[in-house]
Amino acid sequence: MSPPLSPSARLAASFFSRALSAFQSSGSKLQVICTAPPSLSHEGEPEALPPRVRPQILVVLDSSFNPPTRAHLHMATSAIRELLQKQGQCPDAIRLLLLLSVNNADKGVKPAAFDKRLAMMWAFAQDVQHDLRMSFGNRQAAPEAQGLSVDLGLATVPYFHEKSAALAEAGFYKGQRDPDDDLAETEQVFLVGYDTLVRIFNPKYYGPLEMASQVATAEPTPLQKALDPFFGRAKLRVTMRADDKWGGANEQVAYLENLLHAEGLNKVGGIRAWESRIEMADGHKAGTEVISSTYARAAAKKRDLGRLDLMVTPRVRWWIEQENLYLE
Ligand SMILES: Nc1ncnc2c1ncn2[C@@H]1O[C@H](COP(=O)(O)OP(=O)(O)OP(=O)(O)O)[C@@H](O)[C@H]1O
Ligand SMILES: NC(=O)c1ccc[n+]([C@@H]2O[C@H](COP(=O)(O)O)[C@@H](O)[C@H]2O)c1
């Protein structure tokens, strides 16, 4: 049997169970429920800490977090590092939102329960911050080392265009100085895997299929109606996902290049102008372990701790063990 939760873990667990109930009875589409602040200590009850000034970039990792994995860690930290180092953004101008969808576009509900996933996301947020701090060598003088705030949110809407619109409407990211401005100036960056990108361009999610091929007419297709406003405020950062289900890296690069550089977007019912809003990022390295939440659940079920460590970060593994998750 696992030892009892520490006082701060108990506070967090009880907070997430209350926050989940409150969200589910609120009728809200999307809500930020708490923030892991940049400081090292996360003692006490989690709380939502809206930014003082509206962020320039909101990076969104939308996932089932069942559980959060090292692949999710790579997606988040590589995006943030790129913004800080290559684009010269300062940590204050960026927020990272870990968004848990309680209604998935395709998957039914399965264990772990949503409040347990929120607890793992809280742990994961701290692993993200730790990873970033380590990669900047803990140089206190370097602005990157000061760290970034990581928010946890809940959403009922399953599709990206709906999540993006809900975020643009939400008061949370508007900043305290100019609460009346809208979020138009905050650019959203959604982190997705290759498999998710393919699904975003599947017309089945946007209405009856017979309406999907209005390309020849002046009328925009349902996919265009949904995704045009989305690409107006959001970018997609697509991580390659080479494994048995989704094909090899070459196939994925070829699909993306075709989508982005030929007439590919028109063929899937999209608009060529969106190509500048989709960027590719490296994912799985050949010869390394393929990582997924499914494999993490299987490792936990078999109590294969060595393999679980390959799949998830240390604080997430701690919660999985503490709460005896995925044993059924
Ligand atoms: N190993 C990976 N490489 C690239 N993208 C990934 C990887 N794992 C997850 N993602 C992406 O992260 C987002 C959220 O992932 P999700 O929560 O569905 O994880 P998953 O591992 O696919 O889950 P499951 O195994 O339970 O189906 C999706 O856009 C997915 O494509
Ligand atoms: N067209 C879309 O916007 C679309 C399609 C498929 C999945 N999704 C979402 O992507 C996220 C990740 O999905 P999976 O957990 O199924 O990989 C979920 O929030 C899911 O609802 C969105």
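Need the full-extension length gain, Asn324 to Asp282, defined as separation in residues times 0.36 nm minus the C-alpha distance. One decimal, nm.
Extra length available between Asn324 and Asp282 comes to 11.8 nm.
Which of these, His74, His42, His261, has the largest mean-square fluctuation under a Gaussian network model of the chain (Cα springs below 10 Å)?
Comparing His74, His42, His261 in a Gaussian network model of the chain, the most mobile one is His261.
Helix-only estimate, please: 222 nm mean residue ellipticity of the chain, summing -39500 (n - 2.57) across DSSP H runs of length 4 or more and dividing by its residues, to the nearest 500.
Per the formula, -11500 deg cm²/dmol.
Once R0 is set to 51 Å, what does the formula 1/(1 + (r/R0)^6) return for the Cβ-Cβ distance between Gln176 and Lys110, expressed as a FRET efficiency to the nearest 0.05?
Plugging the Cβ-Cβ distance into 1/(1 + (r/R0)^6) gives 0.80.
Pop a pseudo-label 7 angstrom from the Cα along the beta-carbon direction at both Gln85 and Glu45 and give the gap in nm to one decimal.
Placing both labels 7 Å along Cα→Cβ, they lie 4.0 nm apart.
Please sort by residue number the trypsin sites (Lys or Arg not before Pro) in the stretch 1-92 whose DSSP state is loop and whose Cβ has at most 16 other Cβ atoms within 10 Å.
Passing both the DSSP loop test and the Cβ count: Lys29, Arg52.
Whose amide H sits under 5 Å from the amide H of Asp62, counting only residues 5 or more places off or on another chain, with H placed in the peptide plane?
For Asp62, the qualifying residues are Leu99, Leu191.
Please rank Asp309, Asp92, fewest neighbouring Cβ atoms within 10 Å first, as an exposure proxy.
Asp309, Asp92
Can you put Phe190, Phe172 in order, fewest other beta carbons within 10 Å first?
In increasing order of surrounding Cβ atoms, one gets Phe172, Phe190.
Give me the extension gain from Glu251 to Asn202: residue separation times 0.36 nm, minus the current Cα-Cα distance, reported in nm with one decimal.
Numbers: separation 49, 0.36 × 49 = 17.64 nm, distance 1.79 nm.
Computed gain between Glu251 and Asn202 is 15.8 nm.
Taking Cα pairs under 8 Å and at least six residues apart, what relative contact order does the chain come out at, in percent?
Once divided by the residue count of the chain, the mean separation gives 23 percent.
Would you mind calculating the gained length between Lys302 and Arg18 on full extension (0.36 nm times residue separation, minus the Cα-Cα distance), in nm to one decimal?
In short, 99.1 nm is gained.
No lab work stands behind these numbers, since they all come straight from the coordinates. The structure presented is a predicted model; accordingly, all values stated were derived computationally and were not measured. As a convention, Cβ positions derive from the backbone with ideal geometry for all residues, glycine included, and neighbour counts pool all protein chains shown.
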